[in-house]
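Below is one structure, written out as structure tokens; comments come after it.
Every number here is computed from the coordinates shown, using simple stated rules; none is lab data. Computed from a predicted model, the values in this text were never measured in an experiment. Reconstructed Cβ throughout: ideal geometry from the backbone, glycine too, with neighbour counts over all protein chains shown.
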Amino acid sequence: TGYKEDGSNGDVMVEIPKFYYKVVPVRLEPASSGEGQQIVEAKWMVSSRALRSFKVHPAFIHNGNEVDAIYVGAFDGYISDNKLYSIAGVDYTGSISALQSITYATNRGSNYTPILFTGISAIQLLCLIQLFIKLTF
């Protein structure tokens with residue numbers, strides 16, 4: 001309700017609903033270390049529901065608790081009043097350190113963090129699956 005890209009009523013975020021995943025090895029070969037095997041080819045699967053042998057993606061674990069969704073800024077980070085924002089049409093603030101990004105994000109509130117490795121991993125997995133679907137159908 002009342003959505004505006006200019007940030008006048010809040011940040012512009014992309015919601016990624018919680019999903020579950022499973023990796024099924026398709027082809028294995030001996031590991032280069034000589035111990036065990038390594039996956040050479042695998043099938044990645046995702047589901048919006050918890051299915052047997054699927055795990056919740058780590059991006060949806062926040063402080064040890066499962067969350068129903070994560071929210072990622074739709075636009076490059078903008079810093080104002082020592083807080084991080086996602087607003088359309090505002091110039092990107094520029095490079096900041098990882099520690100600064102954590103500080104600026106958490107200055108917004110306890111549920112804000114910069115996008116972490118697990119969030120990037122979730123987005124990459126969904127993009128790869130979408131790309132594969134487009135290439136094969």
Within the chain, helix-based [θ] at 222 nm, where runs of 4 or more DSSP H residues each add -39,500 (n - 2.57), nearest 500: -7000 deg cm²/dmol
Compactness of the chain - radius of gyration and Dmax, Cα, Å: 18.7, 60
The stretch 69-89 and the stretch 1-61: distance between their alpha carbon centers, rounded to Å: 23
Förster radius 41 Å - calculated FRET efficiency between SER95 and LYS134 (Cβ-Cβ, nearest 0.05): 0.80
Inter-site label distance for ALA50 and SER32 at 7 Å from Cα along Cβ, in nm: 3.8
